[in-house]
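Worksheet: one structure, shown below.
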Amino acid sequence: MEIINKKVNSFFILLNSIVKTKPYFVVIILHEYFRNLYREDPYLKFSQKNHKKRIINTLDNLIKLLKILQNIKSYKINFNSIKIEKDLRKNSSKVFSKIFIKNKNNNHSISYFKSLKYLGLEKKYFKNKIVLDAGTGSGRHAVLISKLEPKKIIAIDHKITINKNLKIKYPKNIYFREADVQNLPFKASTFNFINCYGVLHHTCNIENGLKELLRVLKKGGHLYLYVYGSGGIYWYSRKKMNKLFKSIPHDYTKNVLRIINTPINRFIFEDCWYSPIEKYTSQRKLEQILKKLKVESFKKLKDNIVERNKLIWGDGELKYLITK
Ligand SMILES: C[S@@+](CC[C@H](N)C(=O)[O-])C[C@H]1O[C@@H](n2cnc3c(N)ncnc32)[C@H](O)[C@@H]1O
């Protein structure tokens, strides 16, 4: 086993030992660890540029700190003193509506269409198409596609939480509707294009979701799918963090993050920490499922940085253009 994997394991064992008594430190420490798992941090710049070395240094420092914390006495935590949101499912889509709509930069728009172009779809493809955005969240992809003259876009989510206070006017060709991606209220072969970006890994069964999406897709139609990969210390750490945060109420964490002035985009951390379901699928498994479902073809988006650093990223993010 690589030394870095051993360090990650000791780190999570130590965190477990203090999570019940010192949850505020767990939030702060995991905020520091999680930001270091990424290549860059736009808010708090890194001085060590070598990614692997930086993760190892961070782990060493945090492990030292955790060992000290183990010996500090603390009162019994009273979580009853704060309001606790019970329905995390609803909460996750609320968090996302805010993040993506408030995020004014259009980097995502550029990379989204660049990826589709690499996979074989130009912007002009969308003209007159019937589109489904499955698990739309804030509707950011529906908004992007709406500019490309599709016939109509149906944007579904199990909870539509488009925040009225943000006063965003959505284009008229987008129809928002509450529905479950595992059980869609549409006839077979309805859509030319389906976008399902970052959704199926939050459902109980990726294969069933895929089956349902392919049912409502027309023959020859396209599905753009993004699901979490697996392997590497990144996905391993996400899994461990998600488990650890089951011991800390979401509102408590939110308050700690708010007090330390965490930028709005950082609430993406919360999504990982508090997703009621986070599934990690290997590339091999996903491709096996696609073959089993007898799709016409599929093409994976390449990510050279991930390919070069499997130890950290494992299979990376799995993004595919699937043709039925
Ligand atoms: C990570 S967000 C991604 C949102 C959007 N696709 C985007 O990229 O901005 C996941 C979304 O999937 C939705 N979702 C999760 N499970 C779902 C289900 N079974 N049916 C429909 N939507 C679901 C959540 O409510 C949330 O809005």
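The table for this structure:
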quantity: Flag for PHE186 being away from the ligand (no atom under 11 Å from the Cβ), in a strand (DSSP E or B) and in the same structural domain as LEU301 (by TED's automatic domain parsing); calculated: no
quantity: Candidates PHE267, PHE176, PHE191 - the one that is surrounded by 16 or more Cβ atoms within 10 Å (Cβ to Cβ), more than 10 Å from the ligand (Cβ to nearest atom), over 30 Å from TYR33 (Cβ atoms) and modelled with pLDDT under 95; calculated: PHE176
quantity: Matching option when the condition is more than 16 Å from the ligand (Cβ to nearest atom), surrounded by 12 or more Cβ atoms within 10 Å (Cβ to Cβ) and modelled with pLDDT under 90, among ILE55, ILE77; calculated: ILE77
quantity: Set LYS219, LYS159: member being farther than 20 Å from LYS319 by Cα and exposed (fewer than 14 other Cβ atoms within 10 Å of the Cβ); calculated: LYS219
quantity: Of all residues in the range 240-256 being of a type in the set (S, T, N, Q) and under 15 Å from ARG266 (Cα atoms), the one that is modelled with the lowest pLDDT; calculated: ASN255
quantity: Extreme residue, modelled with the lowest pLDDT, among residues of the range 98-136 that are more than 17 Å from LYS319 (Cβ to Cβ), away from the ligand (no atom under 14 Å from the Cβ) and of a type in the set (Lys, Arg); calculated: LYS104
quantity: Options GLY220, GLY229, GLY139; residue that is within 16 Å of the ligand (Cβ to nearest atom), at pLDDT 95 or above, in contact with a strand residue (DSSP E or B) (Cβ under 9 Å, 6 or more places away or on another chain) and not β-branched (Val, Ile, Thr); calculated: GLY229
quantity: Check on LYS20, under 21 Å from LYS243 (Cα atoms), at pLDDT below 95, out of contact with any Gly (no Cβ under 6 Å at 6 or more places or on another chain) and not in a helix (DSSP H, G or I); calculated: yes
quantity: Pairs where the first residue, in the range 127-155, is on the phi < 0 side of the Ramachandran plot and charged (D, E, K, R) and the second is part of a loop (DSSP other than H, G, I, E, B) and away from the ligand (no atom under 11 Å from the Cβ), C-beta under 6 Å, 6+ apart; calculated: LYS127/GLU149; LYS129/PRO150; LYS151/ASN128; LYS152/ASN173
quantity: Filter result (among the aliphatic types (A, V, I, L, M) and more than 20 Å from ASN36 (Cα to Cα)) within the range 1-22; calculated: MET1, ILE18, VAL19
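The values are calculated or read from the model by the stated rules, or taken from the named source; none is laboratory data. Keep in mind that this is a model prediction, so the values were computed, not measured. Every residue, glycine as well, gets a Cβ built from its backbone with ideal geometry; the counts of neighbours run over all protein chains shown.
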